[in-house]
Amino acid sequence: MNDSHVIVSLDFSDPGHALKLIGKMDPAHCRLKIGKELFTRAGPVFVNQVIEKGYSVFLDLKFHDIPTTVAKACSAAADMGVWMLNLHASGGLRMMTMAREAIDKHLHKPLLIAVTVLTSMNERDLKQIGVVKHVSEQVKDLAMLANKSGLDGVVCSAREVAMLRKEFGDGFCLVTPGIRLQGSEHHDQQRVMTPAEAIRAGSDYLVIGRPVTQAADPLKALMAIEKEIARVKREA
Ligand code: C5P
């Protein structure tokens, strides 16, 4: 049974390159995230291929549409056998509630997670679309709406995880990108946390891309991250 807290982000445009990396890893030590680019290129056939290799898949398509359409898209994702999927909380309570109801009809229920405010957006961007609140306030309000809609949790930046854990308690799933090992390259990430810091702050799952996908030995990189997480869990 896979109980890994690490979700490796498959940020590849070529499914062949993604499969090559997957061949170097082990489903006992990570889960995989498939996003818009790879899914648009390789589709459900690729998702099935990955699931058949034994991996849990987070389908990161961030659905946002009218409630019926999102509910049907969530059903389609559940039929594919994914482990986790997400939607935009800004789609509103009705959209999220209908998505929840659609997922609940399935025997195999993937975790249903909301995106609150994209971390690429700052206060000015929010103002331009009519949101005058502070970013952190908007994140909290949308997370509350996701919680009220019965969603399983939210994707949140490392800087928000402690606040959201405090607000929503242990049952709410927090998924955190922007993770870097101590002393390693940050790439284009502005605010990063180490795996240990993110887990201590209350994150359940860490989304990690380049520190694993660009490592000379991806499995070795995964094991180092796993070891760090296990140490924090032992201390808790
Ligand atoms: O390579 P790196 O570890 O930076 O990859 C992080 C992954 O998480 C990428 O797929 C990126 O798009 C995603 N992500 C993120 N920040 C967010 C939401 C998603 O880095 N706020």
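Of all residues being farther than 20 Å from Asn86 by Cβ and of a type in the set (S, T, N, Q) in region 184-210, which is surrounded by the most Cβ atoms within 10 Å (Cβ to Cβ)? Just the residue, please.
Thr194
Each row is one residue, and each column tells you yes or no for (1) in contact with a Cys (Cβ under 8 Å, 6 or more places away or on another chain); (2) hydroxyl-bearing (Ser, Thr, Tyr); (3) within 20 Å of Lys166 (Cβ to Cβ).
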residue: Val192; (1), (2), (3): no, no, no
residue: Ala196; (1), (2), (3): no, no, yes
residue: Ala201; (1), (2), (3): no, no, yes
residue: Tyr205; (1), (2), (3): yes, yes, yes
residue: Gly209; (1), (2), (3): no, no, no
residue: Ala216; (1), (2), (3): no, no, no
residue: Met223; (1), (2), (3): no, no, no
residue: Glu228; (1), (2), (3): no, no, no
residue: Arg234; (1), (2), (3): no, no, no
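Go through region 16-45 and count every residue that is more than 16 Å from the ligand (Cβ to nearest atom) and over 23 Å from Ile229 (Cα atoms). Lay out the reasoning, then the answer.
Here is the first cut: in region 16-45, the ones more than 16 Å from the ligand (Cβ to nearest atom) are 16, 19-20, 23-24, 26-29, 43-45.
Filter once more, keeping what is over 23 Å from Ile229 (Cα atoms): 16, 19-20, 23, 43-45.
Adding up the residues that qualify gives 7.
If a residue must be of a type in the set (Lys, Arg) and more than 16 Å from the chain's Cα centre (by Cα), how many such residues does region 147-164 contain? Write out each step before concluding.
From region 147-164, those of a type in the set (Lys, Arg) are 148, 159; that's our starting set.
Narrowing further to those that are more than 16 Å from the chain's Cα centre (by Cα): 148.
Residues that pass the stated criteria total 1.
Scan region 1-52 for residues that are of a type in the set (Asp, Glu), within 20 Å of Ala77 (Cα to Cα) and outside any helix (DSSP H, G or I) and jot them down.
Here is the first cut: in region 1-52, the residues of a type in the set (Asp, Glu) are 3, 11, 14, 26, 37, 52.
Those still in the list that are within 20 Å of Ala77 (Cα to Cα) too: 11, 37, 52.
Correct list: Asp11 only.
Inspect all residues belonging to region 67-90 and state whether any of them is farther than 16 Å from Leu206 by Cα, surrounded by fewer than 22 Cβ atoms within 10 Å (Cβ to Cβ), over 16 Å from the mean Cα position of the chain (by Cα) and within 16 Å of the ligand (Cβ to nearest atom).
So far as region 67-90 goes, yes, one or more of its residues are farther than 16 Å from Leu206 by Cα, surrounded by fewer than 22 Cβ atoms within 10 Å (Cβ to Cβ), over 16 Å from the mean Cα position of the chain (by Cα) and within 16 Å of the ligand (Cβ to nearest atom).
Just to be sure I understand the filter: pairs with C-beta atoms under 7 Å, separated by 6 or more residues or on different chains, first member in region 206-222 and closer than 19 Å to Val57 by Cβ, second member within 7 Å of the ligand (Cβ to nearest atom) and of a type in the set (Lys, Arg). Which pairs pass?
Val207/Lys33
Being modelled with pLDDT under 95, under 14 Å from the mean Cα position of the chain (by Cα) and not β-branched (Val, Ile, Thr), is that true of even one residue in region 96-116? Walk me through how you get there before you give the answer.
The initial filter retains those residues of region 96-116 that are modelled with pLDDT under 95, namely 108.
From what's left, under 14 Å from the mean Cα position of the chain (by Cα): none.
For region 96-116, residues modelled with pLDDT under 95, under 14 Å from the mean Cα position of the chain (by Cα) and not β-branched (Val, Ile, Thr): absent.
Do any helices (runs of 4 or more DSSP H) lying entirely in region 156-231 carry at least 3 residues that are over 20 Å from Leu111 (Cα atoms) and within 10 Å of the ligand (Cβ to nearest atom), and which ones are they? Steps first, please.
Numbers: elements: 161-168, 195-201, 210-213.
Qualifying helices (runs of 4 or more DSSP H): 210-213.
Looking at region 199-236, which of its residues are among the polar types (S, T, N, Q) and over 16 Å from the mean Cα position of the chain (by Cα)? If you could, list the steps in order and put the result at the bottom.
As a first pass, look at region 199-236 and keep what is among the polar types (S, T, N, Q): 203, 213-214.
Listed by number, the residues that qualify are Thr213, Gln214.
Can you pull out every residue in region 1-17 that is surrounded by 13 or more Cβ atoms within 10 Å (Cβ to Cβ) and out of contact with any strand residue (DSSP E or B) (no Cβ under 8 Å at 6 or more places or on another chain)?
The initial filter retains those residues of region 1-17 that are surrounded by 13 or more Cβ atoms within 10 Å (Cβ to Cβ), namely 2, 4-12, 15, 17.
Of everything in region 1-17, those that are surrounded by 13 or more Cβ atoms within 10 Å (Cβ to Cβ) and out of contact with any strand residue (DSSP E or B) (no Cβ under 8 Å at 6 or more places or on another chain) turn out to be Phe12, Pro15, His17.
The values are calculated or read from the model by the stated rules, or taken from the named source; none is laboratory data. Worth saying up front: this structure is predicted, and the values here are computed from it rather than measured. Counting neighbours? That spans all protein chains shown, and the Cβs are built from the backbone with ideal geometry, glycine included.
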